1. Checking L38 against (1) in a loop (DSSP other than H, G, I, E, B); (2) within 24 Å of R364 (Cα to Cα), only one condition comes out false. Which one?
2. Looking only at the stretch 189-209, decide whether some residue is in contact (Cβ under 8 Å) with a residue 12 or more places away in the chain, within 23 Å of F298 (Cβ to Cβ) and of a type outside the set (A, V, I, L, M, F, W, C).
3. Out of everything in the stretch 87-104 that is under 20 Å from G274 (Cα atoms) and not small (G, A, S), what residue ends up being surrounded by the most Cβ atoms within 10 Å (Cβ to Cβ)?
4. Touching a Phe, Trp or Tyr at 6+ places or on another chain (Cβ under 6 Å), aliphatic (A, V, I, L, M) and more than 30 Å from R239 (Cα to Cα): is that true of L29 in this structure?
5. Determine whether V224 is hydrophobic (A, V, I, L, M, F, W, C) and assigned to a loop (DSSP other than H, G, I, E, B).
6. Inside the stretch 146-162, can you point out the residues that are in a loop (DSSP other than H, G, I, E, B) and either outside the structural domain of F133 (by TED's automatic domain parsing) or on the phi < 0 side of the Ramachandran plot (or both)?
7. Out of the residues in the stretch 48-63 meeting the condition of being on the phi < 0 side of the Ramachandran plot and either in contact with a Leu (Cβ under 6 Å, 6 or more places away or on another chain) or not in a helix (DSSP H, G or I) (or both), tell me which one is surrounded by the most Cβ atoms within 10 Å (Cβ to Cβ).
8. What about E338, is it modelled with pLDDT of 95 or more and either under 17 Å from L235 (Cβ atoms) or outside the structural domain of E234 (by TED's automatic domain parsing) (or both)?
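The values are calculated or read from the model by the stated rules, or taken from the named source; none is laboratory data. Source: prediction; values computed, not measured. Positions of Cβ are generated from backbone atoms using ideal geometry, with glycine treated the same way; all protein chains shown enter the neighbour counts.
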Amino acid sequence: MRDEWASDRLMNTVARPPQIFVRGQGSWLWDSEGRSYLDFTQGWAVNSLGHSPRAVVQALSRQAEQLINPGPAFYNRGMLDLAGRLCQATGSDQAYFLNSGAEANEGAIKLARKWGARHRDGAFRIVTAQHSFHGRTLATMSASGKPAFEALFEPKVPGFDKVPYNDLDALDAALGDDVVAVLLEPLQGEAGVIPATLEYLQGAERLCRERGALLMLDEVQTGVGRCGTLLAEELYGIRADVVTLGKGLGGGVPLAALLARGNACCFEPGEQGGTYHGNALMTSAGLAVVDTVLEPGFLEQVRDIGDHLRDALERLAKRQGLGGVRGHGLLLGLALNELPAAAVVREAMVEGLLINAPQPDCLRFSPALTVSHGNVDEMIRRLGRAMTHARQRKNDVEVA
């Protein structure tokens, strides 16, 4: 368990359970007491290939012996190879590598404003969605529609208009002459795993084309195979001008990407940078992840296990009297109705299961893309016990 003296030296930015995790492999984590946990969060969808996957470990080991970071002002082989691989696989024209999804979205905001200055007479406003989440830099918090952010760190960065998600009429009404771009998540993870409808995203693409605005997709959580396709935009049959990636791209290490197409590729020297951006160590991990995800049959397996997970959750929901299952691939949410999600998360940890509650009435599941059918079945057994215990405790409190 945690060293209280040492943990008190950490800034108090998140409420953590007492366990100290010391080892991970695939879908499993072990704490310092030797107890194992089945992990269906994977660092909030970061560990795309699971904990300590061989492909990433070997790539990091080889690269660390050769070159870690020559500096962002020089080329390195990993930077070039990953840019080429990603652009070819996604149909993008240019890529830029950063440390986090928030930085990638910050870069997208800068890119849109640069594009507006060049092509739209200085238009700079960006339309985003209510309940969206784009990161924790000041600009990406300003772009986000997360209610908890509204009162934090005022004044926010200006230039963002938020409209209801999945409401095409509201989006249409917001696209004035001063709007340079629309920034949307194909699936709103923090809002409770709410996927965009086909009509909405296809309509958003059409409106952007008609109004001369950029369509930018935040695929930090949905990209790199998470939804059963390399990019979630493929599920909707659309093509964004700008796409951001993060989380699963590095397979557990800090790596994100900003992808641009067509004349959205407008950055010039000096307009974007970062000390660790595109470093050889992180891009070697990213290349290992992308190569693995693009192996023949890998994405088909993600779709297959995603269907298995959905079916299992739907059966559990029926037995437990819960709400519906929503999401794509291996990013799914389960509505709990009256059962408190936080209580289920706590009871699940007692059962040796790690899950996440993005909303008070919703659980989120983002297991490794390599998760097995057996792992899913074991998760359902542990989750069922956790729900039963959470309901019993809730009833005991109500009776008392």
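1. Failing condition for L38: (1).
2. yes
3. If we filter the stretch 87-104 for residues that are under 20 Å from G274 (Cα atoms), which is where we start, we get 94-104.
If we keep only those that are not small (G, A, S) as well, we get 94, 96-99, 103.
Numbers: Q94: 17, Y96: 23, F97: 28, L98: 26, N99: 20, E103: 24.
Out of the qualifying residues, it is F97.
4. On the way: touching a Phe, Trp or Tyr at 6+ places or on another chain (Cβ under 6 Å): yes; aliphatic (A, V, I, L, M): yes; more than 30 Å from R239 (Cα to Cα): yes.
In short, yes.
5. Values: hydrophobic (A, V, I, L, M, F, W, C): yes; assigned to a loop (DSSP other than H, G, I, E, B): yes.
Answer is yes for this residue.
6. Start the filter on the stretch 146-162 by keeping residues that are in a loop (DSSP other than H, G, I, E, B), which leaves 146, 150-159.
K146, E150, A151, L152, E154, P155, K156, V157, P158, listed by residue number.
7. Initially, the stretch 48-63 is screened for residues on the phi < 0 side of the Ramachandran plot, giving 48-49, 51, 53-63.
Next, from what is left, pick out any that are either in contact with a Leu (Cβ under 6 Å, 6 or more places away or on another chain) or not in a helix (DSSP H, G or I) (or both): 48-49, 51, 53, 63.
Numbers: S48: 29, L49: 25, H51: 21, P53: 24, Q63: 22.
Applying the filter and picking the extreme gives S48.
8. Here the answer is no, as E338 does not meet what is asked.
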